[in-house]
Amino acid sequence: SGADPWIEACSFIMNFANLLGGAIYVDGDPSPVILDSLFAGNTADNNGGAIYFDGAGSNSTITNTTFSGNFVQDFNGTGGGAIYFNPNSTSLLTIQNSILWGNNRTVGESPVFDLLGQIGGGGVVTINYSTVQDDVLNGQAVTGSMNLDSDPRFVNPGQGNFRLKVAPLSPAHD
């Protein structure tokens, strides 16, 4: 209680959770800062393929971080292929200079793209200067500015290389 984790230059790859948050589960009111990190191939059975945020009153930031290939089975229908943000949360989440691409959930048997789970109860998610697949946030347009909806052109994501191509230049490059 009372801790605000600082996560920098970390890779969370191929982690699994039986329920929530394939790589990270944030509970209570901490305000984590996640910088220059990679979340790839993480899986959760219910919500938050990579990260599950559950709590009230936190002010979390994610910067220069890539989310790709994360997956949630979504047995209860709310999802969050990359990130699940509790719909009853009053927390704030700001994502900037990041890539959210190729994260999925299943609803029934057909996979669909999903960035975040449900948002409500006063919680706010803002995404700025990021590459966001389909430019949607749980079926709603992404709130924020200067976001792209273009393939970031990773060098070889199938082999774990999430660097950006230089020829031709990735649209996600500065």
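Among the residues making up the range 88-103, those that are farther than 16 Å from Thr143 by Cα and either open to solvent by 20 Å² or more (accessible area, probe 1.4 Å) or modelled with pLDDT of 85 or more (or both) are Asn88, Thr90, Trp101, Gly102, Asn103.
Residues that are over 14 Å from the mean Cα position of the chain (by Cα) and among the aliphatic types (A, V, I, L, M) within the range 48-74 comprise just one, Ala56.
Please verify whether the range 71-83 includes one or more residues that are open to solvent by 20 Å² or more (accessible area, probe 1.4 Å) and touching a residue at least 60 places away in the same chain (Cβ under 8 Å).
Within the range 71-83, not a single residue is open to solvent by 20 Å² or more (accessible area, probe 1.4 Å) and touching a residue at least 60 places away in the same chain (Cβ under 8 Å).
The values are calculated or read from the model by the stated rules, or taken from the named source; none is laboratory data. In this text, all values refer to a predicted model and were calculated from it rather than measured experimentally. Heads up, the Cβs are rebuilt from the backbone with ideal geometry, glycines too, and the neighbour counts pull from every protein chain shown. Quick note on the areas: whole protein, heavy atoms, side chains included, nothing else; ligands and nucleic acids left out. Shrake-Rupley method; radii C 1.70, N 1.55, O 1.52, S 1.80 Å.
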